[in-house]
Amino acid sequence: MTDTTTAPATATAPQSEQATAAASGAAATERFRSKRPSTEATNADTRRVDTVVTEVLAAVHDVIRRHRVTYAEYDALKSWLIQVGQDGEWPLFLDVWVEHVVEAVANEDRRGSKGTIEGPYYVPGSPSFNGSATLPMRADEPGTPLLFQGMVTSVDGTPLPGARIEIWHADADGFYSQFAPGLPEWNLRGTVVADELGGFAISTVEPAPYQIPTDGSCGRLIAAAGWHAWRPAHLHLKVSAPGHQLITTQLYFRGTSHVADDIASAVKPELILAPVASGDGEGREVTYDFVLDRI
Ligand code: DHB
Ligand code: FE
């Protein structure tokens with residue numbers, strides 16, 4: 001697992017040769033284990049387990065019959081499933097191909113801002129700032145500067161001073177701090193507390209599209225199926241305020257690659273930003289307001 005306590009603040013080692021599926025998969029698996037209660041703690045209702053698992057199995061049986069799946073294919077599936085676990089890629093697999101439907105069901109009654117998948121790379125406890133912030137970044141952080149600003153309100157329009165905006169995103173090479181080697185611990189991660197009017201302003205750099213690791217078992221599936229491995233460039237956010245439901249979401253950039261064919265099926269029209277050139281000519285800026293549902 002990535003050692004999150006000793007990462008040098010200004011590490012500049014190139015990551016492209018070193019970032020492997022095994023490294024990011026193992027880090028994502030460790031992170032998931034440390035943040036979730038164990039499954040034993042879940043209060044499983046036998047009837048619900050029976051219903052859901054029986055229906056999943058019936059769907060698998062139906063596919064086998066309809067496509068006349070062979071013993072060779074069955075054995076290939078077994079060894080692939082074993083390998084996904086050995087590569088630590090279950091969080092990657094599930095967050096790319098399953099989470100978007102869980103999110104749609106969980107948030108179907110919301111009236112405020114749209115959510116989307118969390119993905120495997122959230123880390124709680126990022127450095128906190130009041131009102132406006134430049135995210136922690138390297139002195140020579142590559143990428144187009146981006147000013148991301150807006151307001152947080154309740155569904156009735158009331159501003160929410162003190163709302164927390166947690167943001168994390170990949171760098172201009174598509175790597176996440178704490179999951180790819182050579183990046184400072186909190187690079188491009190921060191928590192911004194909205195000002196007395198509910199406003200926030202975050203200076204960062206535009207992220208690159210993200211390619212899910214291609215050298216592990218998810219990559220083998222993608223190659224075998226003739227798919228691509230890309231997610232569009234995105235900002236991840238968690239926005240919360242007392243008395244309101246936390247929203248986990250992502251924002252994308254109009255006109256960038258794979259907005260229309262995200263491998264993780266997590267893009268929604270309401271989540272696409274259209275930044276404009278900044279007044280100072282240095283980068284781009286965009287305004288996006290969050291609307292939170294009451295609890
Ligand atoms: C994955 C990575 C992401 O950055 C994301 O937002 C969703 C999924 C993944 O590799 O599984
Ligand atoms: Fe992501």
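The values are calculated or read from the model by the stated rules, or taken from the named source; none is laboratory data. Computed from a predicted structure; not experimentally measured. Ideal geometry is used to build each Cβ from the backbone, glycine not excepted, and the neighbour counts take in all protein chains shown. Just so you know, the surface numbers come from the protein's heavy atoms only, side chains and all, with ligands and any DNA or RNA stripped out. Shrake-Rupley method; radii C 1.70, N 1.55, O 1.52, S 1.80 Å.
Being without any contact (Cβ under 8 Å) to a residue 40 or more places away in the chain, buried (at least 18 other Cβ atoms within 10 Å of the Cβ) and of a type in the set (A, V, I, L, M) is a description that does not apply to Val239. Scanning region 210-232 for residues that are open to solvent by less than 40 Å² (accessible area, probe 1.4 Å) and in a loop (DSSP other than H, G, I, E, B) returns Ile212, Pro213, Gly216, Ala229, Pro232. List every residue pair whose Cβ atoms sit under 7 Å apart, with the two residues 6 or more apart in sequence or on different chains, where the first one lies in region 160-184 and is within 20 Å of Ile117 (Cα to Cα) and within 13 Å of ligand 2 (Cβ to nearest atom) and the second, anywhere, is assigned to a strand (DSSP E or B) and open to solvent by 20 Å² or more (accessible area, probe 1.4 Å). From region 160-184, the pairs are Ala170/Tyr210; Gly174/Tyr210; Gly174/Gln211. Does Glu99 qualify as being touching a Leu at 6+ places or on another chain (Cβ under 7 Å), in contact (Cβ under 8 Å) with a residue 60 or more places away in the chain and within 16 Å of ligand 1 (Cβ to nearest atom)? So Glu99 does not fit the description; no.
Within region 215-237, the residues that satisfy the criterion of being over 26 Å from Ile272 (Cα atoms) and within 11 Å of ligand 1 (Cβ to nearest atom) are Gly216, Cys218, Gly219. The set of residues from region 187-203 being touching a residue at least 40 places away in the same chain (Cβ under 8 Å), within 22 Å of Phe290 (Cβ to Cβ) and not aliphatic (A, V, I, L, M) comprises Arg189, Gly190, Thr191, Asp195, Gly198, Gly199, Phe200, Ser203.
Summed over region 104-128, the residues that are under 13 Å from the mean Cα position of the chain (by Cα) and open to solvent by less than 20 Å² (accessible area, probe 1.4 Å) give a count of 6. Quick check: anything in region 134-149 acidic (Asp, Glu) and within 16 Å of ligand 2 (Cβ to nearest atom)? Within region 134-149, none of the residues are acidic (Asp, Glu) and within 16 Å of ligand 2 (Cβ to nearest atom).
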